[in-house]
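Okay, structure first, notes after.
The values are calculated or read from the model by the stated rules, or taken from the named source; none is laboratory data. Quick caveat: nothing in here was measured; it's all calculated off a predicted structure. Because the Cβ atoms are built from the backbone with ideal geometry, glycine has one as well, and the counts that use them run over all protein chains shown. Keep in mind that these areas ignore ligands, DNA and RNA; they rest on the heavy atoms of the full protein, side chains included. Shrake-Rupley method; radii C 1.70, N 1.55, O 1.52, S 1.80 Å.
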Amino acid sequence: MQEKSAFLDLAKSNSAQGEVVLPGSKSISNRVLLLAALAKGTTIIRGLLDSDDTRVMLAALNTLGVKISAIDETSYQIEGINAVNQQKFPQEKADIFLGNAGTAFRPLTATLAVLGGDYYLHGVPRMHERPIKDLVDALRSFGCDIDYRQNDGYPPLQIKQSTLQVNAPIEIDGSVSSQFLTALLMISPLIAQRIQSDVHIQVKGELISKPYIAITLNLMQRFGVNVTHQHWSSFTIPAQSAYQAINEFYVEGDASSASYFMALGLLGNGPIRLKGIGKNSIQGDIQFAHVVEQMGATVEMDENSVLIYRQAEQQLKPLKAFDRDFNLIPDAAMTAAVLALYADGPCTLRNIASWRVKETDRIEAMHKELSKLGAKVSSGEDWLCVEPPIQWQTASIDTYDDHRMAMCFSLATFGPVGVRIMDPQCVAKTFPHYFDFYKALVK
């Protein structure tokens with residue numbers, strides 16, 4: 001990307017084609033960093049996402065005394081702390097800044113609370129507005145000692161020594177963020193070893209974003225821990241569970257980031273080939289391929305790539321409108337909201353309440369910014385409806401320090417006007433060079 005600027009002007013676009021090697025998955029990268037740190041032995045991770053979110057996780061683990069050696073920009077050697085025997089990080093007192101990285105903050109909160117120590121966890125102001133009460137309540141229920149340092153229910157947190165007593169299934173609310181359950185699952189082998197017994201986790205309410213839990217279970221299994229579950233509502237971790245290092249782990253491409261390029265292949269007719277993900281991806285957002293397919297794209301998928309284009313007879317038609325539940329793919333759903341600008345009727349996104357506790361209140365932010373372009377927008381607690389513009393308007397798109405706002409609104413250039421993206425550098429959270437990739441594809 002260019003040197004830092006307050007805004008980026010994107011010209012009206014007519015076509016998009018080319019090839020993209022996707023950066024590593026954020027969801028996989030931060031999970032695998034922590035699992036490798038807790039494992040017995042040494043793991044080499046290749047294809048790690050290079051972004052703000054992974055940098056804060058790497059920095060946190062380094063602060064905690066984990067031995068990390070950089071091989072290159074996306075490859076690292078992690079020496080696990082052998083948590084089964086040691087049950088401690090080398091550094092038992094630390095001040096840890098985690099930016100706005102939920103995939104780092106939630107699992108580290110659980111890990112440090114269970115292992116115990118003297119840890120102060122904090123982040124940017126928005127991180128201190130993102131709820132964590134359900135996770136803290138669950139951790140406190142079996143002996144973890146955690147204090148809120150500012151507002152009850154929210155970071156920053158002070159973590160102290162724990163005295164674990166697990167006499168019943170650990171209960172966690174599944175309706176706010178799947179990251180709370182992921183955090184408990186990832187540290188459950190440490191609990192099982194400490195109490196020398198199976199660990200049972202019970203989900204209260206409806207579990208949202210199940211594909212992200214599937215990623216967690218898949219990665220835990222690859223590190224040697226098998227979790228059984230019943231209908232995504234109760235989970236059992238065996239008493240003798242322990243993480244074992246993996247000689248070499250390859251991170252697959254980021255399926256959430258892939259959604260923007262799938263959309264470009266639809267809007268710009270393609271073909272666009274995405275490399276690094278394919279039909280065997282463990283990420284739920286690969287299902288966004290079905291969304292662009294339903295709206296008019298042709299999608300071809302093999303083991304390690306996805307090809308998206310529009311057949312000649314489809315190219316002059318508006319996109320097909322949709323009314324669908326996006327609970328399973330909430331991040332990629334933002335891309336669908338912008339695609340709604342080009343549809344042949346109103347589009348409704350349902351079951352997206354989790355948007356309200358992300359990097360910004362995404363329902364409110366999308367409502368406001370789509371309206372600027374001339375769309376007629378309505379929204380509620382967990383839904384958004386977008387009617388395509390009758391008269392498009394030029395607009396400066398505010399991004400709210402939310403990487404996905406900046407990336408998805410780059411897709412608004414296929415109307416009759418260009419757009420201005422404010423604070424384009426916010427994409428550094430997960431995809432620092434996004435706009436370089438974008439410009440290489442779009443004409």
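The residue list 328, 370, 339 contains one member that is within 24 Å of the chain's Cα centre (by Cα), assigned to a loop (DSSP other than H, G, I, E, B) and buried (at least 17 other Cβ atoms within 10 Å of the Cβ), which is 328.
When you check residue 306 against the structure, is it more than 20 Å from residue 431 (Cβ to Cβ) and open to solvent by less than 70 Å² (accessible area, probe 1.4 Å), yes or no? For residue 306, the condition - more than 20 Å from residue 431 (Cβ to Cβ) and open to solvent by less than 70 Å² (accessible area, probe 1.4 Å) - is not met. Taking strands (runs of 3 or more DSSP E) as the structural unit, those lying wholly within the range 66-158 and holding at least 1 residues that are of a type in the set (Lys, Arg) correspond to 67-72, 93-97. Can you find a residue that is in contact with a Lys or Arg (Cβ under 7 Å, 6 or more places away or on another chain) and outside any strand (DSSP E or B) anywhere in the range 304-311? Yes. Of the residues making up the range 255-276, one or more are in a loop (DSSP other than H, G, I, E, B), open to solvent by 10 Å² or more (accessible area, probe 1.4 Å) and not acidic (Asp, Glu). Restricting attention to the range 311-325, the residues that are crowded, with 22+ Cβ neighbours inside 10 Å and not aliphatic (A, V, I, L, M) add up to 0.
So, residue 387, is that one on the phi < 0 side of the Ramachandran plot and either of a type in the set (Phe, Trp, Tyr) or out of contact with any Pro (no Cβ under 7 Å at 6 or more places or on another chain) (or both) or not? So residue 387 does not fit the description; no. The residues on offer are 345, 418, 374, and the sole one that is closer than 30 Å to residue 309 by Cβ, of a type in the set (Gly, Ala, Ser) and modelled with pLDDT under 95 is 418.
State whether one or more residues within the range 27-41 are assigned to a loop (DSSP other than H, G, I, E, B) and surrounded by fewer than 21 Cβ atoms within 10 Å (Cβ to Cβ). Yes, some residue in the range 27-41 is assigned to a loop (DSSP other than H, G, I, E, B) and surrounded by fewer than 21 Cβ atoms within 10 Å (Cβ to Cβ). Restricting 126, 106 to residues that are open to solvent by 10 Å² or more (accessible area, probe 1.4 Å), of a type in the set (Lys, Arg) and in contact (Cβ under 8 Å) with a residue 40 or more places away in the chain narrows the list to 126. Being open to solvent by less than 80 Å² (accessible area, probe 1.4 Å), in contact with a helix residue (DSSP H, G or I) (Cβ under 7 Å, 6 or more places away or on another chain) and more than 17 Å from residue 180 (Cβ to Cβ) holds for only one residue in 139, 164, and it is 164.
Regarding the range 180-199, can at least one residue be identified that is touching a residue at least 24 places away in the same chain (Cβ under 8 Å), open to solvent by 10 Å² or more (accessible area, probe 1.4 Å) and under 23 Å from the mean Cα position of the chain (by Cα)? No: the range 180-199 contains no residue that is touching a residue at least 24 places away in the same chain (Cβ under 8 Å), open to solvent by 10 Å² or more (accessible area, probe 1.4 Å) and under 23 Å from the mean Cα position of the chain (by Cα). A search for C-beta distances below 6 Å between a residue of the range 309-331 that is under 22 Å from residue 270 (Cβ atoms) and any residue that is among the charged types (D, E, K, R) and open to solvent by less than 70 Å² (accessible area, probe 1.4 Å), counting only pairs 6+ apart in sequence or on different chains, returns 329/285. I'd like the residue in the range 344-367 that is open to solvent by less than 10 Å² (accessible area, probe 1.4 Å) and of a type in the set (A, V, I, L, M) and, out of all such residues, is farthest from residue 400 (Cα to Cα). Across the range 344-367, the extreme among qualifying residues is 349.
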